[in-house]
Amino acid sequence: MERKILILLIGSAIILLILIALIFLIRPCSEVGEQSKKVNTITMVTDIGGLGDKSFNDAGWNGVQMASKGLGLKANVIQKMEGEDLASNVSRAAETSDIVVGMGFMIKDAITTNAPLYPDTYFILIDENAGDQPNVASYLFYSGQSGYLAGIVAASVSETGKIAVVKGMDVPSVLSYVAGFKAGVRTWNEFKGEKIEVLTKTADTFTDPAKGRALTKSLIDEGADIIFDVAGATGIGVYEAVQESNRAQGITEEEIKTGLKRPKYFAVGVDVDHDEMYPGEVLVSALKKMSETIYSAVDDITKNDFRGGLHLVDFKDGFTGISDMKYTKQYVPEEALELVEKAEGLMMNRDKRLLIPLDITDVDKYVKNFEVPEELLKNN
């Protein structure tokens, strides 16, 4: 009898242990459960420029829409209006969304303040660094690489020997573009023994197209025939001034688009591909592929592969470079295209000589000390 009871107790204990083991096998631990949190909503908070700048904020919103369509998320946007507080805009977004995308240097403090208050919300910061916060992924672009390639192209096409830059404000992301652009011009000058000059003007605002137009007109009056827009919504005026100046020369939009006539003046686009916006009158666009970056970051979140902290992205990552020049490539000398290709090869290998710094404060000093890679000065 005692033996039967003992066998029964042992059997019951074994069954109990099996049941306990099964419970632990099929129930995820709390950490995995938290990582597997499903995301449903994404909200972008713009900087002061807002949507419609045909550049920075529009690129961000395009990336959010790509993520919405491709990954099945509901997308919203909160635009920064005059007098509004960015911190409250970010807070509103975090309260109603699983993912918050912030655009630009102005929004950095708002995200660093709000991120600890919303630990279950993912934050993606574009073009700034929020530091080491576990729920914030910051992305900085080596946009000077794009400026460098565009500078080579612009210098090679100029007929007046003067090209120009219209800056919005002297902030790091703008100065990196400009430093790269001027270094690219210097590379062409050394390659060809020319003396292409770069003029610059600063609008001190990212939101005034009329000022961008006026500055561009003045640069054209000073002899510039190619103008690089690095000015946010202010830069809309750059393209308007270029178009108006070409029309004043009797060159129609249709003649330019179809290639019947070469424009006398060109713009150089920034951040996004402006070639299709102003066919034939944008020589080349210096790209900062924010749309693709945002989509990739959101995709990582949906795959439980989110990584907080700073992410530096460059040409090798596929997030900088120049446009295809669909309407203008015929105006670019073959040797310039070959030079661009060589430079891209160095960038693909992350050659430090063409990794234009992100923290430039004195553009002229940087360009003066810039050493053109010897490989680029050799003819094939």
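The values are calculated or read from the model by the stated rules, or taken from the named source; none is laboratory data. Values in this document were obtained by computation on a predicted structure and should not be read as measured data. Cβ: placed from backbone, ideal geometry, glycine included. Neighbour counts: every protein chain shown. Heavy atoms of the whole protein, side chains included, go into the accessibility calculation; ligands, DNA and RNA do not. Shrake-Rupley method; radii C 1.70, N 1.55, O 1.52, S 1.80 Å.
Below, the figures for the structure above:
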{"item": "Test: residue in segment 333-347 that is of a type outside the set (S, T, N, Q), at pLDDT 95 or above and not in a helix (DSSP H, G or I)", "result": "yes"}
{"item": "Single residue of ASN379, ASN304 found to be surrounded by fewer than 15 Cβ atoms within 10 Å (Cβ to Cβ), of a type outside the set (Lys, Arg) and more than 22 Å from ALA154 (Cβ to Cβ)", "result": "ASN304"}
{"item": "Filtered residues of segment 37-73 (kept if hydroxyl-bearing (Ser, Thr, Tyr) and either modelled with pLDDT of 90 or more or open to solvent by 50 Å² or more (accessible area, probe 1.4 Å) (or both))", "result": "THR41, THR43, SER68"}
{"item": "Number of positions in segment 202-225 that are within 22 Å of the chain's Cα centre (by Cα) and either under 30 Å from LYS378 (Cα atoms) or part of a strand (DSSP E or B) (or both)", "result": "1"}
{"item": "Residues of segment 313-334 classified as acidic (Asp, Glu) and either touching a residue at least 24 places away in the same chain (Cβ under 8 Å) or buried (at least 18 other Cβ atoms within 10 Å of the Cβ) (or both), total", "result": "2"}
{"item": "Of residues in segment 249-301 being among the acidic types (Asp, Glu) and crowded, with 17+ Cβ neighbours inside 10 Å, the one farthest from LEU51 (Cα to Cα)", "result": "GLU281"}
{"item": "Qualifying position, being in contact with a Pro (Cβ under 6 Å, 6 or more places away or on another chain) and either more than 28 Å from ALA343 (Cα to Cα) or open to solvent by less than 60 Å² (accessible area, probe 1.4 Å) (or both), among GLY223, GLY237", "result": "GLY237"}
{"item": "Qualifying residue in segment 160-173 (condition: in contact with a strand residue (DSSP E or B) (Cβ under 6 Å, 6 or more places away or on another chain) and either of a type in the set (S, T, N, Q) or part of a helix (DSSP H, G or I) (or both))", "result": "no"}
{"item": "Selection status of PHE181, among the aromatic types (Phe, Trp, Tyr), at pLDDT 95 or above, part of a helix (DSSP H, G or I) and open to solvent by 10 Å² or more (accessible area, probe 1.4 Å)", "result": "no"}
{"item": "Residue that is touching a helix residue (DSSP H, G or I) at 6+ places or on another chain (Cβ under 7 Å) and either under 21 Å from GLY308 (Cβ atoms) or assigned to a strand (DSSP E or B) (or both), where the choices are ALA130, ALA59, ALA115, ALA93", "result": "ALA130"}
{"item": "Unique residue being open to solvent by 30 Å² or more (accessible area, probe 1.4 Å), of a type outside the set (Ser, Thr, Tyr), modelled with pLDDT of 95 or more and farther than 20 Å from LYS289 by Cβ when the list is GLU95, GLU159", "result": "GLU159"}
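For every residue, the table says whether it meets (1) of a type outside the set (Lys, Arg); (2) part of a loop (DSSP other than H, G, I, E, B).
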{"residue": "ILE227", "(1), (2)": "yes, no"}
{"residue": "THR234", "(1), (2)": "yes, no"}
{"residue": "GLU240", "(1), (2)": "yes, no"}
{"residue": "SER245", "(1), (2)": "yes, no"}
{"residue": "GLY250", "(1), (2)": "yes, yes"}
{"residue": "ILE256", "(1), (2)": "yes, no"}
{"residue": "ARG262", "(1), (2)": "no, yes"}
{"residue": "ALA267", "(1), (2)": "yes, no"}
{"residue": "TYR278", "(1), (2)": "yes, yes"}
